[in-house]
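The values are calculated or read from the model by the stated rules, or taken from the named source; none is laboratory data. Everything quoted here is computed from the prediction, not taken from an experiment. Backbone-built Cβ (ideal geometry, glycine too); neighbour counts: all protein chains shown. Accessible surface areas use protein heavy atoms only, side chains included; no ligands, DNA or RNA. Shrake-Rupley method; radii C 1.70, N 1.55, O 1.52, S 1.80 Å.
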Amino acid sequence: FIWYFMITMFFSGGMIPTYLVVSSTGLIDSIWALVIPGAVPIFNIILMKNFMKGIPDSLAESAFIDGAGHVTTLVKIIIPLSKACIATVSLFCILGHWNAWFDGMIYIKKMSLKPLQTYLRSVIIVDSVVEEGAVEMEDIIANITADSTNGAKIFLALIPIMCIYPFLQKHFAKGIVMGSVKE
């Protein structure tokens, strides 16, 4: 089945067919237009599959011998060993959705529903167009103030990601140590 997934990863429909699908399903101006088209990144599925393939089969076999079923083995053996990979994939997904300003620009028409990154982009682009005509001292001071305000907006947009990263960092360190020793 992995080849079916890889074909969709290499040969995607593109922007126009994706927009037509999103608009025909009635997702325009809803949060689901931002979530559903990128909900299952194929690269992350391949990453998880290869990581879980590296877990020794003897762990699952010993759980089966002890009387565990498939679900118990998954929940008590496989998922705890895969925390580093799950943390990595989670961070990829979070950052991907958080930085996706283009999706908000295409799928969301109402300004009140646009995501933060789309709003920041529109504010910075408008301010940079206004800056091109600055010659006088008053205009330069106004531009410095606008740059400071834009910098503050960008920094405030980074706070949620900076709050999430420390919780996931311990899993990165464990994953690096776990993968460094081979038997």
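Scanning region 72-117 for residues that are of a type in the set (A, V, I, L, M, F, W, C) and more than 30 Å from Gln169 (Cβ to Cβ) yields Met105, Ile106, Ile108, Met111, Leu113.
Any residue at all in region 31-48 that's among the aliphatic types (A, V, I, L, M) and touching a Cys at 6+ places or on another chain (Cβ under 8 Å)?
Taking region 31-48 first, the residues among the aliphatic types (A, V, I, L, M) are 31, 33-36, 39-40, 42, 45-48.
Keeping just the survivors that are touching a Cys at 6+ places or on another chain (Cβ under 8 Å) gives 47-48.
Looking for residues that are among the aliphatic types (A, V, I, L, M) and touching a Cys at 6+ places or on another chain (Cβ under 8 Å), one finds at least one in region 31-48, hence yes.
The set of residues in region 22-39 that are over 21 Å from Phe92 (Cα atoms) and open to solvent by less than 90 Å² (accessible area, probe 1.4 Å) comprises Val22, Ser23, Thr25, Gly26, Leu27, Ile28, Asp29, Ser30. The residue that is least open to solvent (accessible area, probe 1.4 Å), counting only those in region 40-79 that are within 30 Å of Phe10 (Cβ to Cβ) and not in a helix (DSSP H, G or I), is Ile55.
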